[in-house]
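Inspection log for the structure reproduced underneath, given as structure tokens.
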Amino acid sequence: MKRLLKSVFLFVFLFVTTVCLDAQNINLYTDANGQLNYSQLDNWYARKLKESVILSGETIELYGVGKVSPNADFTDMKLKDPASPWGTTNIYAKMVLDVGNTRVTPEKRGNGYCARLETKIRKDNIAGFKVDVLLAGTLFLGETIEPVKGMKEPEKSASQGIPFTGMPKAVKFDYKYRIGKKRVVATTNVKPVAGEDKADFSILLQKRWEDENGNVFATRIGGNRLFFTGTVNEWVNGATFPVYYGDATSQPQYDPKTMGLIPSVGKVYVKNSKGAMVPLVETGWGKPGEKPTHLIMYFTSSYEGMLYTGSTESVFWVDNIELIY
């Protein structure tokens with residue numbers, strides 16, 4: 001009887017959790033046409049962080065995508081637009097001293113703006129100790145967990161994905177890029193790394209659930225991943241890339257090293273219902289016609305930026321993101 005009751009409880013828990021994920025859905029983060037809020041990338045604001053004179057002594061602007069009141073306290077590091085689904089690697093870190101890193105910036109384009117994603121190394125000299133840290137510019141769906149308090153497991157600083165139940169056929173966006181060939185890894189110092197850098201775009205549709213211990217699992221409903229190398233100086237407008245559904249292992253473009261299930265292709269963390277950051281585990285591929293509960297999507301100037309690895313010559317420009325239904 002106890003085993004039966006436990007099974008019933010677990011079934012109800014998982015059912016309720018999935019229903020709640022659906023209920024949160026895209027209403028907060030999308031418009032009536034199922035498009036992501038601020039996906040034209042024309043609306044930006046900037047938190048202002050005053051760094052210690054021991055560091056730069058400058059006021060760092062940490063840009064976010066969205067809208068806030070012009071009368072808002074821009075020195076408030078918790079300032080954000082709750083309707084914006086977008087996070088960035090513009091990070092407020094507190095490692096004894098307050099540190100700001102800006103890698104995603106609005107750049108004027110025509111009558112509006114685009115997102116400029118750039119890989120850079122920050123160099124600091126603290127009490128005679130030199131520190132070099134490389135960060136890539138990344139625009140993603142989700143939430144940056146701040147303040148960042150260390151350099152270990154940087155994946156824990158980003159809760160990846162938003163509630164979403166749409167099933168787009170493709171993703172369309174404008175882009176151009178300049179991707180460097182010589183890569184380095186930089187945490188405390190700079191060391192060369194073999195291989196060319198790549199800009200990276202990924203979209204993943206998942207059906208997630210949470211167990212009674214707060215662990216989060218998912219099945220992969222659909223997705224795609226693309227890499228960009230070399231240089232394209234002129235804007236490629238309206239580039240359209242398909243979203244593939246079902247078991248991707250049977251598709252000719254499938255590469256297990258880049259399109260395999262999480263965490264085999266890399267660690268991803270999400271915030272569970274208790275507010276804790278936990279690793280996301282994909283258990284398999286979705287069934288035909290199965291609807292997602294969450295959407296992961298990101299653009300980054302260096303594909304191994306989470307490992308503090310990339311080229312300081314890499315820049316990836318993105319604009320006018322659209323989901324095609």
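FYI, it's all coordinate maths here, none of it is from the lab. Since the structure is predicted, the reported quantities are computational estimates derived from the model, not experimental observations. In this analysis, Cβ positions are derived from the backbone assuming ideal geometry, glycine residues included, and neighbour counts consider all displayed protein chains.
Within the same chain, lysines fewer than 8 places from K267 are excluded, and of the rest, those with a Cα less than 16 Å from its Cα are K152, K156, K257. Using 0.36 nm per residue and subtracting the Cα-Cα separation, the extra length available between N233 and T75 on full extension is 53.3 nm. Each peptide among 311-317, 242-248 gets the average number of other Cβ atoms lying within 10 Å of its residues, and from highest to lowest they stand as 311-317, 242-248.
The fraction of Cα-Cα pairs per 5 angstrom bin, counted from 0 for the stretch 115-154, comes to 6, 15, 18, 29, 18, 9, 4, 1 percent, rounded to whole percents. Short-range pairs are left out: with C-alpha atoms under 8 Å and at least six residues apart, the relative contact order of the stretch 2-324 is 23 percent. Dividing the Cα radius of gyration of the stretch 164-275 by 2.2 N^0.38 Å, with N the residue count, gives 1.31. Over the C-alpha atoms of the stretch 151-218, the Rg to Rh ratio, Rh being the Kirkwood estimate, stands at 1.07. Straight Cα distances below 17 angstrom link K80 to the lysines K48, K67, with same-chain residues fewer than 8 positions distant left out. Packing, as the average of other Cβ atoms within 10 Å across residues, places the peptides 131-142, 178-189, 278-289 in the order 131-142, 178-189, 278-289, highest first. Taking amide H as placed 1.01 Å from N in the peptide plane, I221 has its amide H under 5 Å from the amide H of L205, Q206, K207, G286, each at least 5 places away in sequence or on another chain. About the centre of its Cα atoms, the chain shows a dipole size close to 580 debye [charges on the beta carbon of Lys, Arg (+1) and Asp, Glu (-1) only; nearest 20 debye]. Shown for the stretch 80-177 is the translational diffusion coefficient from the Stokes-Einstein equation, using the Kirkwood radius over Cα pairs, a temperature of 25 °C and a viscosity of 0.890 mPa s: 156 µm²/s. Mind telling me which of N71, N237, N125 comes out most flexible in a GNM of the chain, alpha-carbon contacts under 10 Å? Highest fluctuation among the options: N71. Reported value for the chain: 157 Å³ per residue, from the convex hull of its C-alpha atoms.
Straight Cα distances below 16 angstrom link K50 to the lysines K78, K94, with same-chain residues fewer than 8 positions distant left out. What's the FRET efficiency of K257 with S52 using the Cβ-Cβ distance as r and R₀ = 45 Å, to the nearest 0.05? Efficiency computed from Cβ-Cβ geometry: 0.60.
Using only Cα atoms, tell me the angle between helix 2-24 and the longest principal axis of the chain; keep it within 0 to 90° and round to the nearest 10. Between the helix axis and the principal axis of the chain, the angle is about 50 degrees. Scalar couplings 3J(HN,Hα) for the stretch 172-178, obtained by applying the Karplus form with A = 6.51, B = -1.76, C = 1.60 to θ = phi - 60°, are 10, 7, 9, 7, 8, 7, 9 Hz; x denotes Gly and Pro. Sorted on the mean count of surrounding Cβ atoms within 10 Å across their residues, most packed first, peptides 193-204, 292-303 read 292-303, 193-204.
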